[in-house]
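Q: This structure is in structure tokens; I'll ask about it shortly.
Coordinate-derived values only; no laboratory data. Not measured: the values here are computed from a predicted model. Methodologically, a virtual Cβ is constructed for each residue, glycine included, from the backbone with ideal geometry; neighbour enumeration extends over all protein chains shown.
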Amino acid sequence: MDTSFLLIQGIGFLGTIFYFASYQCKENKKLFRVQFISYLLYTIHLLLLGAITGGISYILNTFRSFCLGSDKKFLKSKTMCWIICALQLLTLLLTYDGWASILPVVANIASTIGGYTHNAQKIRAVGMFVNSPLWIIYDIIVVSWAGILDEVLSELSMIISVARYGWKNLDKNDMD
């Protein structure tokens with residue numbers, strides 16, 4: 001193992017810290033702002049690992065978090081949701097490198113749709129049952145230690161947030 005590989009993993013581990021912290025934000029707006037920082041770090045991490053589909057998908061995740069954390073109505077609209085999903089599909093078409101390329105795109109489309117419900121319960125459900133499982137498989141394939149840890153900790157963080165706030169208490173739209 002060389003120093004550059006460990007440095008690349010370190011960048012990813014910083015992203016993990018921010019992502020874990022994001023689910024401890026009760027308001028979705030704050031959650032998306034903290035995830036914005038995490039996604040920037042993961043974009044750099046994955047691109048340096050050579051995981052192009054995952055890296056570009058994270059650029060779109062960064063943009064999505066910016067939109068969802070914004071005060072601009074259009075950026076939080078269903079139209080923007082579909083634009084981001086279409087960009088994810090375009091990313092897959094342009095970077096396809098075998099079946100593994102499909103995993104981050106499907107995960108991110110699910111998370112985008114979940115995020116645009118503006119419902120904390122649905123955001124966490126998509127994260128726990130679709131996004132994290134698909135990203136764990138992808139991270140194993142591209143040898144992202146930080147990504148694997150991130151997804152395991154994200155699952156834990158989502159479970160903790162459900163325990164803290166209660167599943168029923170998270171079932172509301174806080175877009176306003």
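Q: If you line up the long axis of helix 52-68 against the longest principal axis of the chain, both from Cα atoms, how many degrees apart are they, to the nearest 10?
A: 20 degrees
Q: What FRET efficiency comes out for the pair LYS78/TRP99, r = Cβ-Cβ distance, R0 = 30 Å, nearest 0.05? Mind dumping the intermediate values first?
A: On the way: r = 30 Å, r/R0 = 0.99.
Taking R0 as 30 Å, the efficiency between LYS78 and TRP99 is 0.50.
Q: Once label points are set 7 Å from the Cα along Cα→Cβ at both ARG164 and PHE66, what is their separation, rounded to one decimal in nm?
A: So the two model labels end up 2.7 nm from each other.
Q: Right, something else. Quick check on the chain: what are the equivalent-ellipsoid semi-axes from the Cα gyration tensor, as sqrt(5λ), descending, whole Å? Please report the intermediate quantities before stating the final value.
A: Values: eigenvalues 123, 69, 38 Å².
Sorted largest first and rounded, they come to 25, 19, 14 Å.
Q: Would you count, across the chain, every pair of lysines whose alpha carbons are under 21 angstrom apart, provided the pair is eight or more residues apart or spans two chains?
A: Taking the Cα cut-off of 21 Å, the pair count is 29.
Q: Tell me, in nm to one decimal, what length is gained between LEU90 and LYS29 on full extension, where the rule is 0.36 nm per residue of separation less the Cα-Cα distance?
A: Values: separation 61, 0.36 × 61 = 21.96 nm, distance 2.69 nm.
Extending this stretch completely gives an extra 19.3 nm.
Q: Springs between alpha-carbon atoms under 10 Å, Gaussian network over the chain: tell me which of ASP139, ASP150, ASP97 tops the mean-square fluctuations.
A: Judging by the Gaussian network model, the answer is ASP97.
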